[in-house]
Structure formats: C-alpha cells, structure tokens
1. Is the range 157-212 rounded, prolate or oblate when judged by the Cα gyration tensor, a ≥ b ≥ c being the square roots of its eigenvalues, rounded requiring a/c under 1.5 and prolate requiring a/b larger than b/c?
2. For Asp298 and Ala100, calculate 0.36 nm times their separation in residues minus their Cα-Cα distance, and state this gained length in nm to one decimal.
3. With the cut-off at 24 Å, tell me which of the pairs Lys52/Lys131; Lys155/Lys292; Lys132/Lys251 have Cα atoms farther apart than that.
4. What is the diffusion coefficient of the chain in µm²/s, taking the Kirkwood radius over Cα pairs and the Stokes-Einstein relation at 25 °C with a viscosity of 0.890 mPa s?
5. Taking 8 Å as the Cα distance limit and 6 or more residues as the minimum spacing, I'd like the relative contact order of the chain as a percentage.
6. Starting from the Cα-Cα distance between Thr13 and Ser112, subtract it from 0.36 nm times their residue separation and give me the gain in nm to one decimal.
7. Based on the alpha-carbon gyration tensor of the range 214-339 and its eigenvalue square roots a ≥ b ≥ c, which shape applies: rounded if a/c is under 1.5, prolate if not and a/b is larger than b/c, or oblate?
8. Using amide H atoms built 1.01 Å from N in the peptide plane, name the residues 5+ places from Thr91, or on other chains, whose amide H lies under 5 Å from its own.
Amino acid sequence: MNLKIEELNYLLTTKNEEVTDNLKKKARGIADDIFGKKIYTRGLIEFTNYCKNNCYYCGIRRENKGAIRYRLDRKEIINCCDNGYQLGFRTFVLQGGEDAYYTDDEVCAIVSSIKEKYPDCAVTLSIGEKKKASYLAFFNAGADRYLLRHETADKKHYERLHPDDMSFENRKRCLYDLKEIGYQTGCGFMVGSPYQTMESIYKDLRFIEDLQPEMVGIGPFIPHKDTEFKNYRAGSLEMTLRLLSIIRIMKPDVLLPATTALGTIHPMGREMGILAGANVVMPNLSPVNVRKKYALYDNKICTGEEVAECRGCLDGRIKSIGYNIVTDRGDYVPIKNKK
Ligand code: 5AD
Ligand code: FES
C-alpha cells in the first residue's frame, strides 16, 4: 500500500474541505470510469436472528434476552426471492446469525432451490464462520459469493469487540478459505467501533490489500441499547465516506456497498456513499413482520410497516443523484477484463 499511516491520518481527520472534496471526487471518478452510472443492487433476506455468538456490539448476540427471535423456513425464503425477482433483483443475500438450526444440508438445500428456480440469479451467503468443508458444500450447491466482515484487522481490537470464544485467527482462516474455494468474497469492518484507532484502520486497509476481496462492506458502528457498547458513540458519517473513497481508490474494481448503517446515521447517507465511490445498494427484502427483529443496532431504517418495498424507494433516491439501479447480477469483473 502506497499510503502511509500519517497520510491516512491526515485524510481521515483534515478539516480542509478542498482536500476531502477532491478525495471523494477522485473516488467517484474511478467508479464512473468502471461502472458508469450503474448501481448494482442485492436483495437482503435476513432469515434468522438466532446467533450462538455474543459480539459486544451486536443486537442479536446470544445474551440479548430482549431480542425476539425468529427464523424463516425454506418456503418463506423462496417467497422473498419470488417477490425480489419481480422487483428486479438478480442477487439474493441470505444473511443470518450463526444458527445451527440450519444444518449444512439445509443451507445447501435452500441455496440449490433458489438456483434451480432462478438460474440467472446470484446467491450470496452471509452466515458467519464455518468449517472449510461447509463452505465448499455451499459453493457446490451453487452459492456464488460470501460476505464475512473481518470486523477489525487488529488482533487486540478484535479481542475487545468479541468474547474469547471467538478468534481473529479463525476469522481470517475463514476468509482465506472462502477465497481459495472460489467465492467472490467480501470482508469489511465498522467505522468508529469502540477502541478503534488509526492504527487499526491502517491494519484494515493492509488486510484488504492482502486478502484481495471482491467486495468490501463498511458502515458506521451504531450502538444498540441491549449491548455492552450501548453508551459508546456512533461512528461518523464523514469518516465512513472518506474510507469508502480510500477503498475505491485502492481497489478500483471492488464491489462497495453504501450500507444500511450509513443510511441510518444520516437520511442521505447512502446517496453520499455513492457519491464518495460506492457502487452497490442492498435493500431489505425480508418480510415486513420480521424486519424490526433483525436489529443489529438501534434505529435501523426500513423496518417500519410502511416500507414494504425498498427497491422503489431506492430507485428514486439513486436517480435523484444521477445514477441508476440496474437489473443485473452485478458480478465482480476484474478491471482488465472489462470492455
Ligand atoms: N453497528 C453497526 N454495524 C453492526 N454490525 C453488527 N452490529 C453492528 C452495530 N452495532 C455489522 C457487523 C456485521 C454486520 C452484519 O453488521 O459488521 O458483520
Ligand atoms: Fe427502504 Fe427507502 S430503502 S424505505
């Protein structure tokens, strides 16, 4: 990485608006050159909020007795896909807590039934740390992509965000396994999580360089009222935007979402994310009656009864800034293979 930690520190902390405007413009220019005005979309299906882990930041941690737990069965998941396909989604992201109720065989069955019904769609899994053999089985069942944020590439920091039944080594092992199997792989981290330092962010960027993921998911940390971190401040909008730009400049062809968390800390957060270099949005496709229950953090957007259909809402929002959501799988294509 060309960037030195002092330069990173300057880019993330400077109040010089000319510098930060240029950073965002440069990143958006790179994304425009590669993706034009296209924004890819993925339908997010949050299919279980049971989780065996107890991450200190997360609202669906196992010890949160306040969480009302739910699971969607195969049929309900397929219903979400039916609805999503009609709305123009060609990627479905199955996200959930680490929930052993869904055995490897069941995950494979869910993936293969989606692929059978919708062979023109990509399936992304985001179901946490598994054995390599499980990742391989899901891949062979048809899963195309896997999202597993590394959360922080700083071991000491990792240990302050997670109890000792989780390890940074295993997290990394999972990500390298996923890459090796051939998944389009996504890592990522929260911006402004408790105890994050400039050095940890620098390590996050170096980790991205080393792993060479196809996707990177970043969003601000937002406190959840039933967690250890309830009294910590949320990560900042501006820092998240600058990091999106830096990541776009580092990895021009990466798939980079403007996340729901970014849309939660500011009403125009996702639009600003796109203008800073993001090129993916992941609206919620989960049934409206479970959306409030998948609360990783407080005040999450798109959880009200009235927001049945995020796709239409985002279409309008993205158009208003001069971009278009496209009906496309939006696979990762290395820059050298682009037309
Ligand atoms: N604030 C912001 N993001 C969070 N996540 C979990 N809890 C929070 C929170 N309180 C993120 C984690 C996880 C992803 C699914 O959501 O980075 O990997
Ligand atoms: Fe969900 Fe706007 S994206 S309501």
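1. It comes out oblate by the Cα gyration axes.
2. Difference between extended and current length: 68.7 nm.
3. Lys155/Lys292; Lys132/Lys251
4. So the translational diffusion coefficient is about 122 µm²/s.
5. 25
6. Values: separation 99, 0.36 × 99 = 35.64 nm, distance 4.67 nm.
Result: 31.0 nm gained on full extension.
7. Judged from the Cα gyration tensor, the range 214-339 comes out oblate (a/c at least 1.5, b/c at or above a/b).
8. Here the answer is Gly43, Ala122, since their amide H atoms fall under 5 Å of that of Thr91.
Where a number appears in this text, it was derived from the coordinates with a stated rule and is not lab data. Predicted model, so just to flag it, every value in this text is computed and none were measured. Positions of Cβ are generated from backbone atoms using ideal geometry, with glycine treated the same way; all protein chains shown enter the neighbour counts.
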